[in-house]
Structures are given as C-alpha cells and as structure tokens.
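Student: Please see the structure below; I have some questions.
The values are calculated or read from the model by the stated rules, or taken from the named source; none is laboratory data. Everything numeric in this text was worked out from a predicted model, so none of it was measured. Cβ placement follows ideal geometry from the backbone for every residue including glycine, while neighbour counts extend to all protein chains displayed. Side chains are part of the model used for accessible areas, which takes the heavy atoms of the whole protein and leaves out ligands, DNA and RNA. Shrake-Rupley method; radii C 1.70, N 1.55, O 1.52, S 1.80 Å.
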Amino acid sequence: MSIKLNTHYLEPFIRSHEYERISPEIRMADEMLRKKTGPGSDFLGWVDLPENYDKEEFARILKSAEKIRKTCDVFVVIGIGGSYLGARAVIEYLKSPNYNLLVKNAPQIYFTGNCISADALNDVIALCEGKDVCVNVISKSGTTTEPAVAFRVFRELLEKKYGKDGAKDRIFVTTDRARGTLKQFSTEAGYETFVVPDNVGGRFSVLSAVGLLPIAVAGIDIRKLMEGAASASRAYTSRNLEENDCYRYAAIRNLLYRKGKTVEILANYEPFGAMFNEWWKQLYGESEGKDGKGLYPASVIFSTDLHSLGQFIQDGNRIVFETVIDIADTKQRFAIPNDPANIDGLNFLSGKQLDDVKKTAMLGTILAHTDGGVPNMVLEVSERSEYVLGELIYFFELACAISGYILSVNPFDQPGVESYKKNMFALLGKPGYESMREELTKRLNFS
Ligand code: PA5
C-alpha cells in the first residue's frame, strides 16, 4: 500500500495492551460490515464499488466528460453535502485550489447549490456571462432545497441562451435510478442521466457518477482513481490490527475518544488538501455524530493554521488529538533563494527545498503538540496522484464504517439533518406544515 499509519508518536498515550483489548470490537465491527448484519446494511454499496461498478455507465461518464470539455467554457456543478464535496475535494487535491485560474483548454468548474446565498449564486451567474455553459445537477433525492433552487436558475439560464433543445444537450443529471421527481423530469426532458446507486449514501458516493463526472471533466484519470480504491479494498481485509492500518486507525480513534479526546483534527500540510479536509469532516461528522455520541471532526491546514489555531492545539482544552497527513512526493519543487543582504537572517535556508522545510516544520510540530498532551498519528502517503488518492478515499470510508460500528451507531443514516429542514419548511409556509409553523412562530416570538 502507498499509505502507512505511523503510530510511533502515540506511545505515551496508548499502551500496547489497549490494542489487544479493543481487538474483539474490531473483529465484531468487521463481521457486521462483511456479513451485512449491522445497522444501515442497506447502504454498503460503496464497499465493493471500486471493483463492482457499472462499466457501461463509466464509459458514458468518460464520453460525456469529453463532450463537456469540448463544448463549454464553464461547467456548473450543482449539489450539496455528499453530492459535491467529494468531487471538489478530488479536483482541488489533484489539480489545485486555483484550478479555475490555471486551467487551459478545458472548462472552469464552479460549484453552486451548496448554500442559501444570493451573493454566492449571483457570483456564479456572473462567471457564466458570455461563456458557453454546461450544468451537472447532482441530487439523490432530487428535492433538496439548495440544489433544487440553483437548478431552477441554471435551467432557465441555459434554456434562454440555447433554447430548450440546445439546453437539453448541456444538462447532465445525476440522481436516483428510478425514484424521485428529478429522474422522471430528466427522462421526459431528454437529459443525459447518471445514477446515484440506491445502496450508496451521499457522503460515500464520490467514487460513483456523483464524483466521477465532475472529476473527469477536470481532466483527472478516473480509472486510476478507481484502481487505487480497488487496491485498498483488497488490502484492508485482515482483522489483525498489526496487519491492517485502516482498522488500526479506527481502533485508535475510539481508544482516544474513551480517554476524553473527543475532537479529532485532520492536519494537512498542503493547501490543496483543504477541501479534502471538508469531505473527511462530512464523512465522519454525519456518520458518527448521533445518539449523543461521536468524535467531532475538525481540520487544519498547517503551517497556515499554526498561526491561528496553533495556540489552542498546543495549550488549550486537552480534548483534541491529531491525524497528520504527510505526503512524501507532492510533485513540485521550490528552492529557497539566497538574499545577499540577508535581511531576514534566513540565509541558512538558502538553496533548501521548501518540501524539506515543510517536513521539518511537521516533525517539530508533532513533537511540540505531543509534549502539549495532544496525541498525534501520521498517515504517510507516498505521492499526490490519482491512484494513491483513490486508496486514501477508500481508507477513510472503510475506517469510518468500522469506527462507527465500534461506537455503536448506525454510520449510514443522518436523521439529525432533517431537523433544520422541517423547521425551515414550516417557517417558510410549506403546505402541510401549518401547525408546526404556528408553534415555531410562537417560540420565535413574531407573528
Ligand atoms: O451524505 C448525505 O447523505 C447528504 O450530505 C446528502 O448528500 C445531501 O444532503 C444532499 O442530498 P441529495 O443528494 O439528496 O440532494
């Protein structure tokens, strides 16, 4: 595997017999997952998705991506939560957070429908002005408010610009296979449609059409991404913690949680990992945060955040532990220039690679945080590539399921997400919510 879990720095925090003690729970969680006997077992389609995916659809994704790359300047991706975070994370991780400024001979990609903001929506509309536009709306349910509103807007925009027939060739819909109004509407309108598999929840869907179409439009090799994930799915099968880094990560999170370390910080030393952090936060937050339980998933980009959150991590409330992502080969190099005047006194660094300085900053930070009572483990990732990112995605998905089962929650539902929606619909006057509206209005003290 191109990923290795380094637990050396955890020695002051976890004793070896503790791994032995949690091993039966790991074995039980693995059994629940593999035999599909645990809660949420209807949503385990992601487990063998990297090998057992729809090859005909995969070919259509590649074909549509090629068409989109040729026919538009701007590709608008509409979706929220699991219906956009994965695609955006992979594009920024493998290309750049500045992808849209750097891209040549391929469309810029803008994500919208992931918030309720007139300013954000107007920005994307303005970015489309005078450009050829294609749209991919992604919604499993087809009824989520944020993407549905954005789709209304962009459908109208495309129909005005290209006519109904022209728009038809520029709208790509990723939704439920059969159910739902979006599927029915798309079939009637003649849009190209892709499937969010029934047994794959939003936050586990990046390796389905949900993530793969936008990722392919960015010119990323989705075959390699799938191959990497497939190799991880074959690698992480042992129930022995010494042989399975993925399960060891799940075990460590739970051991630390039981010691009061209730916040896990994913620390990435590369700004291109910022959206990957966001994807990871949804995966773990929505999977584990229920029944009054769960580790709160937080994230940082170092060294940037050492100058903002560093103080808290070093010295604040001792409830945190860190999982550090250390990518050995990020592809690009930069040597620090010499300054004959040595104004900043940094000439001892002249000629040194930024990567070496970053690595030293990382090691120094791990030691400092460990001294400050913050357990640190390091995920050593060999390189920044499609294949290895595929492995990393699968590593975190599988660990999340195992960890959730150890926590005794259903890692595959998200009942809490409904609460705000119900209140919002009631307050907005959605038919059927009349009595709830009355009750909530009283609580808000307006009429
Ligand atoms: O992970 C999840 O299930 C959620 O984040 C959903 O993806 C999100 O709420 C969007 O739902 P939908 O795809 O039905 O519009």
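Student: Given the -39500 (n - 2.57) contribution per DSSP H run of 4+ residues, what per-residue ellipticity at 222 nm results for the chain, rounded to the nearest 500 deg cm²/dmol?
Tutor: -15500 deg cm²/dmol
Student: If the cut-off is 16 Å between C-alpha atoms, which lysines fall inside it for LYS160, apart from same-chain ones fewer than 8 positions away?
Tutor: Output for LYS160: LYS131, LYS168.
Student: Could you compute how fast the chain diffuses translationally, taking Rh as the Kirkwood radius over C-alpha pairs and applying Stokes-Einstein at 37 °C with viscosity 0.692 mPa s? Give it in µm² per second.
Tutor: Values: Rh = 23.5 Å.
In µm²/s, the coefficient rounds to 140.
Student: Could you tell me how many cubic angstrom of Cα convex hull volume the range 116-273 has per residue?
Tutor: Details: hull volume 29.3 nm³, N = 158.
Output value, Cα hull per residue: 186 Å³.
Student: Over the range 251-302, what is the relative contact order in percent, taking alpha-carbon pairs closer than 8 angstrom and at least six residues apart?
Tutor: Values: 58 pairs, mean separation 25.0, N = 52.
That works out to 48 percent.
Student: Also, quick follow-up: Considering the dipole of the range 55-220 built from charges on the beta carbon (Lys and Arg +1, Asp and Glu -1) around the Cα centre, which of LEU182, GLY163, VAL195 is farthest to its positive end?
Tutor: Farthest towards the positive pole: VAL195.
Student: At most 13 other Cβ atoms within 10 Å plus a DSSP loop assignment makes a site exposed; report the longest stretch of the chain without any exposed chymotrypsin sites (Phe, Trp or Tyr not before Pro). Write down the numbers at each step before the final one.
Tutor: Values: sites that count: PHE334, PHE446.
In short, 1-333.
Student: Mind checking which lysines have their C-alpha under 21 Å from LYS331, skipping anything on the same chain fewer than 8 residues away?
Tutor: Counting by Cα, and skipping residues close in sequence, LYS331 has these lysines nearby: LYS4, LYS95, LYS104, LYS224, LYS352, LYS358, LYS359.
Student: Looking at the range 120-182, which trypsin sites (Lys or Arg not before Pro) are DSSP coil and have at most 15 other C-beta atoms within 10 Å of their C-beta?
Tutor: Here the sparse-neighbourhood loop sites are LYS131, ARG177, ARG179.
Student: Dipole size in debye (nearest 20) for the chain around its Cα centre, Lys and Arg Cβ +1, Asp and Glu Cβ -1?
Tutor: Using Cβ point charges on Lys, Arg, Asp and Glu, the chain gives about 820 debye.
Student: Binning at 5 Å from 0, report for the range 298-447 what percent of all alpha-carbon pair distances ends up in each bin.
Tutor: 2, 7, 10, 11, 11, 12, 11, 9, 7, 7, 6, 4, 2, 1, 0, 0
Student: With every protein chain kept in place and ligands, DNA and RNA left out, what is the accessible area per residue of the range 55-220? Probe 1.4 Å, answer in Å².
Tutor: Value returned for the range 55-220: 42 Å² of accessible area per residue.
Student: Which value in Å does the Kirkwood hydrodynamic radius of the range 14-79 take, with 1/r averaged over all unlike C-alpha pairs and then inverted?
Tutor: 16.2 Å
Student: Taking 8 Å as the Cα distance limit and 6 or more residues as the minimum spacing, I'd like the relative contact order of the range 47-120 as a percentage.
Tutor: Computed value for the range 47-120: 38 percent relative contact order.
Student: State, as an integer percentage, the relative contact order of the chain based on alpha-carbon contacts under 8 Å between residues 6 or more apart.
Tutor: Working: 733 pairs, mean separation 100.9, N = 447.
Relative contact order of the chain: 23 percent.
Student: Let me ask something else about it. Quick one: order ASP198, ASP30, ASP165, ASP339 from most to least accessible surface, probe 1.4 Å.
Tutor: The most accessible residue leads, giving ASP165, ASP198, ASP339, ASP30.
Student: Still on this structure, please answer the following. How much FRET efficiency would the formula 1/(1 + (r/R0)^6) give for LEU346 and ASP73, where r is the Cβ-Cβ distance and R0 is 35 Å, rounded to 0.05?
Tutor: On the way: r = 43 Å, r/R0 = 1.21.
Once rounded, the FRET efficiency stands at 0.25.
Student: With every protein chain left in place, what is the accessible area of SER385 in Å² (1.4 Å probe, nearest 10)?
Tutor: Per-residue accessible area (SER385): approximately 20 Å².
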